[in-house]
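Peer 1: Okay, here's the structure, questions in a sec.
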Amino acid sequence: MNRLFTFILIATCGLSSAQHNITHDVYFETDKFTLIPTEENRLLLFISSLSDVDIESIAIFGFCDDVGAPSYNLILSKQRAEAIKAVFSNHEISESLITNVDGKGEILLKIVNEKDISKIRGLNRKVEIIINPKPPIIEKEEVIEEPAKETEATAEVIKGEVKVGDKIRFENILFKTGYSTVTPESKKILQDIAESLVERKNIYFTIQGHVCCTQYSRDAVDRKTKKRNLSEARAKYVYDYLAKKGVDKKRMRYMGMRRKFPLGGDPKYDRRVEILITHISKI
């Protein structure tokens with residue numbers, strides 16, 4: 001089926017809040033919903049530019065050109081939208097922010113002063129991304145934090161009774177926003193943890209790194225390497241440190257948990273590392 005309609009597109013989207021939205025279009029080849037390298041690079045650059053944006057919601061809409069049956073175009077446009085959602089999810093953007101993912105089918109659009117039908121169709125094979133930032137805070141109320149409750153030192157927890165499936169948070173091991181290295185005051189505590197893990201030779205575990213995602217504290221990109229893998233980099237930092245202190249690498253693995261598990265409260269506590277006990281051998 002090959003049909004081309006033309007109509008006048010009236011800019012009715014200029015609502016009071018629309019001017020604050022951030023938009024980006026991703027283009028696809030005919031009958032494809034996988035990204036070509038140039039479009040993937042453009043999308044990753046766009047995602048990187050969102051590091052300092054406090055996002056309220058993300059809407060992703062897929063479209064097709066006017067070639068093909070409507071039912072086919074509807075499915076393909078949905079596949080394109082889902083493909084873009086997957087890229088966002090794999091690059092430190094929480095899925096909870098993505099509130100709308102939909103395929104709109106074909107789009108019929110007349111480009112002013114453009115007579116090349118193939119170019120028009122190429123511009124219609126796309127996904128539209130709409131970022132809705134949170135409104136700026138005019139005044140910030142002073143928050144008085146309650147005194148921190150005393151918690152058992154992580155090194156002592158490791159020496160105690162643990163079982164497979166236990167998750168042990170590295171208390172007071174904190175990271176600077178945007179970096180994978182711990183703060184100076186955390187190094188002595190990390191050393192104590194390393195010594196406990198050297199003693200407990202029968203414990204096997206996964207090191208899980210986390211990043212935060214709160215107002216003014218988004219830290220997904222490693223500012224040192226410029227890579228969007230900060231949660232994994234934090235886990236690897238601890239892995240390398242423990243290995244250097246004598247913990248057998250065969251007992252450890254590491255992985256980034258991105259920002260899927262926020263603790264709430266002060267964002268500094270989301271910039272953390274935990275270990276998950278995966279096996280306890282008999283000595």
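Peer 1: Looking only at residues that are among the β-branched types (V, I, T), loosely packed, with under 15 Cβ neighbours inside 10 Å and modelled with pLDDT of 90 or more in segment 31-74, which one is farthest from R125 (Cα to Cα)? I'd like the intermediate steps shown before the answer.
Peer 2: If we filter segment 31-74 for residues that are among the β-branched types (V, I, T), which is where we start, we get 34, 36, 38, 47, 53, 55, 58, 60, 67.
Add one more test, that the residue is loosely packed, with under 15 Cβ neighbours inside 10 Å, and what stays is 34, 36, 38, 53.
Checking the rest, the ones that are also modelled with pLDDT of 90 or more come to 34, 36, 38.
On the way: T34: 12, I36: 13, T38: 15 Å.
Going through the qualifying residues, I end up with T38.
Peer 1: Yes or no: N73 touching a Cys at 6+ places or on another chain (Cβ under 7 Å) and not assigned by TED's automatic domain parsing to the domain that holds D270? Spell out how you get there, then give the answer.
Peer 2: Values: touching a Cys at 6+ places or on another chain (Cβ under 7 Å): yes; not assigned by TED's automatic domain parsing to the domain that holds D270: yes.
Spelling it out, N73 is indeed touching a Cys at 6+ places or on another chain (Cβ under 7 Å) and not assigned by TED's automatic domain parsing to the domain that holds D270.
Peer 1: Let me spell it out: the conditions are (1) surrounded by fewer than 20 Cβ atoms within 10 Å (Cβ to Cβ); (2) without any contact (Cβ under 8 Å) to a residue 60 or more places away in the chain; (3) of a type in the set (S, T, Y), and S77 meets all of them except one. Which number is the exception?
Peer 2: (1)
Peer 1: Any chance you could count how many residues in segment 34-54 are among the charged types (D, E, K, R), touching a strand residue (DSSP E or B) at 6+ places or on another chain (Cβ under 8 Å) and more than 19 Å from R80 (Cα to Cα)?
Peer 2: Step one: filter segment 34-54 for residues among the charged types (D, E, K, R), giving 39-40, 42, 52, 54.
Then drop every residue that is not touching a strand residue (DSSP E or B) at 6+ places or on another chain (Cβ under 8 Å), which leaves 39, 42, 54.
Okay, now just the ones that are also more than 19 Å from R80 (Cα to Cα), so 54.
Summing the residues that are among the charged types (D, E, K, R), touching a strand residue (DSSP E or B) at 6+ places or on another chain (Cβ under 8 Å) and more than 19 Å from R80 (Cα to Cα) in segment 34-54 gives 1.
Peer 1: Does segment 88-97 include one or more residues that are at pLDDT below 90, of a type in the set (V, I, T), assigned by TED's automatic domain parsing to the domain that holds F28 and closer than 21 Å to N41 by Cα?
Peer 2: There is at least one residue in segment 88-97 that is at pLDDT below 90, of a type in the set (V, I, T), assigned by TED's automatic domain parsing to the domain that holds F28 and closer than 21 Å to N41 by Cα.
Peer 1: Residues that are at pLDDT 90 or above: which helices (runs of 4 or more DSSP H) entirely in segment 136-244 hold 3 or more of them?
Peer 2: Values: elements: 154-159, 187-199, 230-244.
Output list reads 187-199, 230-244.
The values are calculated or read from the model by the stated rules, or taken from the named source; none is laboratory data. Note that the structure is a prediction, hence the values are computed from the model and not measured. Cβ coordinates were reconstructed from backbone atoms using ideal geometry, including for glycine residues, and neighbour counts include every protein chain displayed.
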